[in-house]
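**Student:** I am attaching a structure below and will ask some questions about it afterwards.
Throughout, read-outs are computed from the coordinates displayed, never taken from laboratory work. Worth saying up front: this structure is predicted, and the values here are computed from it rather than measured. Please note: Cβ atoms are built from the backbone with ideal geometry, for glycine as well, and neighbour counts cover all protein chains shown.
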Amino acid sequence: MRDHAVRRLVIENAYIVPITGEEIPSGHVVIEGDRITAVGPGSAPVLDGAERIDGSGCLATPGFVNTHHHLYQWASQGVTPDGTLFEWLVASYRLWSRLDAEVVSGAATAGLAWLARTGCTTSTDHHYVFPKGRGDLFDAEIEAAAQVGLRFHPCRGSMDRGQSQGGLPPDDVVEQADEVLQATEDAIRKYHDPSFGSMLRIAVAPCSPFSVTGDLMLRSAELARSYGVRLHTHIAETADEDEHCREQFGMLPVEYLEQLNWLGPDVWLAHCVHLTDDDIRRFALTGTGTAHCPSSNGRLGAGIARISDLLRAGAPVGLGVDGSASSEMTPLAGEVRMAMLMQRARYGPRALTARQALELATLGGARCLGRDNEIGSLEPGKLADIALWRLGGYHAAIDDPVVAFAYGQTPPLARLLVGGRTVVEDGELRTVSDAEAAEAGARAHHRLMSAASWL
């Protein structure tokens, strides 16, 4: 017998892009509880007690998946606006050494609210700075995600290779390897939920080859695989990193990762701008994912990642906005357009289509996170993570809705559903107050800058 207590929702009359399967020019999506139960053309069947959403003039897509972020950086935006990655990091470490739980809470609330307003239903976060005695920073961002209402994949990051060991960060912001591993294991045991539809999963994420010892990289991989959680780090972001790895390890960054057993279907890597042909083959062969962050790579002058080549090789690729301090106020929806344009600027007008770019933001990101059986496409049985975009007004001058979405300014967000729950409606948050989220971010910025002003 059907459970009539299950909430029902119907979106109808929308242009539906399921990502897998044919597009539907005017169709419906039926949601029961947190799952999609039907997707098809024309009007939906009559369902008792169902809320009906008129999607006329709207584009329905899967909710976007953000595969790389540093939420705490909302509090340090605008630092070293013209610096290289290494110059920017050196200036930023001074600020980040003064982080506390209150700063992280406010920054994460603002950052996640901003993502939701731009179509994101699932976000990762890579937090790797943990000053001692400043409260539970990891818990603070997890609580913020719960309040905003997004699926969250926080990555317990780490740095144990300071300047005295040839690393980039100052010694006062790194941790001891044993402390890192214990804290990471504690986070997995406390928070990680592997169940279908989970709102919270943990990943293990040492920061980068220039801030983490090989020993910690190896032991982190062993820990992650013993618990069945995923691995994440930065790699091959800049030419400076290539040179650093040559000098320190006698090899290029991806070769170094391979030596440390850091390639595989349970790994996704941020940036991957400077890949060789052999690197791309390794990624495809092992199923290693890439978090492509085009705006951040452009802001720091890092270069243009070989995303078209990775896709042709069959490697998983998703999109990420990266930290707010290296990609100020970047909307995840905007990275669809940026990814498309950057590939075309480098490889020509057929390098990445609007539909391929949209897939990066949805199913591509889901694959990187190992959740493509749950999210990333609009199919019966998958979770009801859906974005509904208004394509009337000025956007109506373009006949192809996907081109209208991807080529110009991001259209207004009519509705954002996470597991069938409304998080954004008519461009406004419904879980937390927009004004309060923005103010939380501003307070976090002022608190961090005040704390660091005496340094």
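**Student:** If you put +1 on each Lys and Arg Cβ and -1 on each Asp and Glu Cβ, how big is the dipole of the chain around its Cα centre, in Debye rounded to 20? All intermediate terms of the calculation are to be shown ahead of the outcome.
**Tutor:** On the way: 39 positive and 58 negative charges, 141 e Å.
Result for the chain is approximately 680 debye, rounded to the nearest 20.
**Student:** What's the angle, to the nearest 10 degrees (0 to 90), between helix 137-148's Cα axis and the longest principal axis of the chain?
**Tutor:** Orientation of helix 137-148: about 10 degrees from the principal axis.
**Student:** In addition: What's the ranking of 289-299, 188-198 by average number of surrounding C-beta atoms within 10 Å, highest first? Write out the running numbers ahead of the final one.
**Tutor:** On the way: 289-299: 27.2, 188-198: 13.5.
Descending packing order for the listed peptides: 289-299, 188-198.
**Student:** Next up: Please report, to two decimal places, log10 I(q)/I(0) for segment 330-455 at q = 0.22, 0.23 Å⁻¹ as given by the Debye formula with identical point scatterers on the Cα atoms and no solvent.
**Tutor:** Log10 of I(q)/I(0), two decimals: -1.29, -1.33.
**Student:** A further question on this structure: To the nearest 500 deg cm²/dmol, what mean residue ellipticity at 222 nm is calculated for the chain from DSSP H runs of n ≥ 4 alone, each contributing -39,500 (n - 2.57), summed and divided by the residues? Write out the running numbers ahead of the final one.
**Tutor:** Details: 15 runs with 163 residues, N = 455.
Result for the chain, helices only: -11000 deg cm²/dmol.
**Student:** In whole Å, what three semi-axes, largest first, describe the equivalent ellipsoid of segment 160-200 built from its Cα gyration tensor (square root of 5 times each eigenvalue)? Walk me through the numbers before you get to the answer.
**Tutor:** Working: eigenvalues 192, 23, 9 Å².
Square roots of five times the eigenvalues give 31, 11, 7 Å.
**Student:** Could I ask something else about it? At a 10 angstrom cut-off on C-beta neighbours, averaged per residue, how do the peptides 336-344, 99-107 rank from highest to lowest? Mind showing how you got there, number by number?
**Tutor:** Working: 336-344: 22.6, 99-107: 24.3.
Put in order of decreasing packing, that is 99-107, 336-344.
**Student:** How much length, in nm to one decimal, is gained on full extension between Arg94 and Asn261, taken as 0.36 nm per residue of separation minus their Cα-Cα distance? Before the final figure, lay out the partial values.
**Tutor:** On the way: separation 167, 0.36 × 167 = 60.12 nm, distance 3.22 nm.
Between Arg94 and Asn261, full extension yields 56.9 nm more.
**Student:** Report, to the nearest 10°, how far helix 277-286 tilts away from the longest principal axis of the Cα atoms in the chain, using its own Cα long axis and a range of 0 to 90°.
**Tutor:** It works out to around 60 degrees.
**Student:** Which of Phe86, Thr184, Tyr347 sits farthest toward the positive end of the charge dipole of segment 64-368, with +1 on the Cβ of Lys and Arg and -1 on the Cβ of Asp and Glu?
**Tutor:** Tyr347
**Student:** So, one more: Order of 272-284, 160-172, 375-387 by packing, highest average Cβ count within 10 Å first?
**Tutor:** Numbers: 272-284: 19.8, 160-172: 17.1, 375-387: 23.4.
Per-residue Cβ counts within 10 Å, averaged per peptide and sorted highest first, yield 375-387, 272-284, 160-172.
**Student:** Using a 7 Å offset from the Cα along the Cα-to-Cβ direction at both Glu243 and Tyr347, what is the distance between the two label points in nm, to one decimal?
**Tutor:** 2.8 nm
**Student:** Something else now. Where a ≥ b ≥ c are the square roots of the eigenvalues of the C-alpha gyration tensor, would you call segment 64-368 rounded, which needs a/c under 1.5, or, failing that, prolate if a/b is larger than b/c, or oblate?
**Tutor:** Details: a/c = 1.29, a/b = 1.13, b/c = 1.14.
Rounded, because the longest to shortest axis ratio a/c is under 1.5.
**Student:** What length, rounded to one decimal in nm, is gained on full extension from Ser450 through to Glu222, with 0.36 nm per residue of separation minus their alpha-carbon distance?
**Tutor:** Working: separation 228, 0.36 × 228 = 82.08 nm, distance 3.98 nm.
That works out to 78.1 nm of additional length.
**Student:** Where a ≥ b ≥ c are the square roots of the eigenvalues of the C-alpha gyration tensor, would you call segment 206-254 rounded, which needs a/c under 1.5, or, failing that, prolate if a/b is larger than b/c, or oblate?
**Tutor:** Numbers: a/c = 3.03, a/b = 2.10, b/c = 1.44.
Because a/c hits 1.5 or more and a/b exceeds b/c, segment 206-254 counts as prolate.
**Student:** Under the 0.36 nm per residue contour assumption, what length would be gained going from the current alpha-carbon distance of Glu425 and Asp172 to full extension? Could you put the intermediate results ahead of the total?
**Tutor:** On the way: separation 253, 0.36 × 253 = 91.08 nm, distance 4.41 nm.
Fully extending the segment from Glu425 to Asp172 adds 86.7 nm.
**Student:** Note the angle between two axes, namely the Cα long axis of helix 434-452 and the longest principal axis of the Cα atoms of the chain, as a number of degrees from 0 to 90, rounded to the nearest 10.
**Tutor:** In the chain, helix 434-452 runs at an angle near 10 degrees to the longest axis.
**Student:** Out of residues 5 or more away from Arg415 or on other chains, whose amide H comes under 5 Å of its own, with H placed 1.01 Å from N in the peptide plane?
**Tutor:** Leu388, Asp426
**Student:** Let me make sure I get this right: for segment 83-235, a, b and c are the square roots of the gyration tensor eigenvalues over alpha carbons, sorted descending. Under 1.5 in a/c it's rounded, otherwise prolate if a/b > b/c, else oblate. Which is it?
**Tutor:** Values: a/c = 1.77, a/b = 1.24, b/c = 1.42.
Note, shape of segment 83-235 comes out oblate.
**Student:** Another question about this same structure. How many nm separate the modelled label positions at Lys132 and Glu23, each set 7 Å beyond the Cα in the direction of the Cβ?
**Tutor:** My value for the distance between the label points is 5.7 nm.
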